Amino acid sequence: IEHSVVVLPERIIADWPATGFDALTAEHLAALAGLKQDIILLGTGARQRFPRPEILRPLIQAGIGVEVMDVPAACRTYNILMSEERKVAAALLFD
């Protein structure tokens, strides 16, 4: 995978329009809220970077948990949560 994607248990959303951390908007995360997952793992590239609160607001208002980490950590955490049969999505940004 060479560009940003959203990984879900049953599919991969390869056309997620977020092109990287610096281009991330609240609208990108609002689209994730519509996936009806309990937890969104936001992989922010090679290093952990935290989005501004207004960008995270759509997920917080929807009552969806959000964990921010680098992409390798997000992938590891996704696998663990999947093995626990949790409703989780990994939104992975590649800069």
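The values are calculated or read from the model by the stated rules, or taken from the named source; none is laboratory data. Quick caveat: nothing in here was measured; it's all calculated off a predicted structure. In case anyone asks, the SASA skips ligands and DNA or RNA and just uses the protein heavy atoms, side chains included. Shrake-Rupley method; radii C 1.70, N 1.55, O 1.52, S 1.80 Å.
Rolling a 1.4 angstrom probe over the protein heavy atoms with all chains in place gives the chain an accessible area of 56 Å² per residue. The heavy atoms of residue 19 offer some 100 square angstrom of accessible surface to a 1.4 angstrom probe. Among the listed options (1) 42, 31, 25; (2) 31, 29, 22; (3) 69, 22, 14, the one matching Cα extents along the principal axes in Å as calculated from these coordinates is (2).
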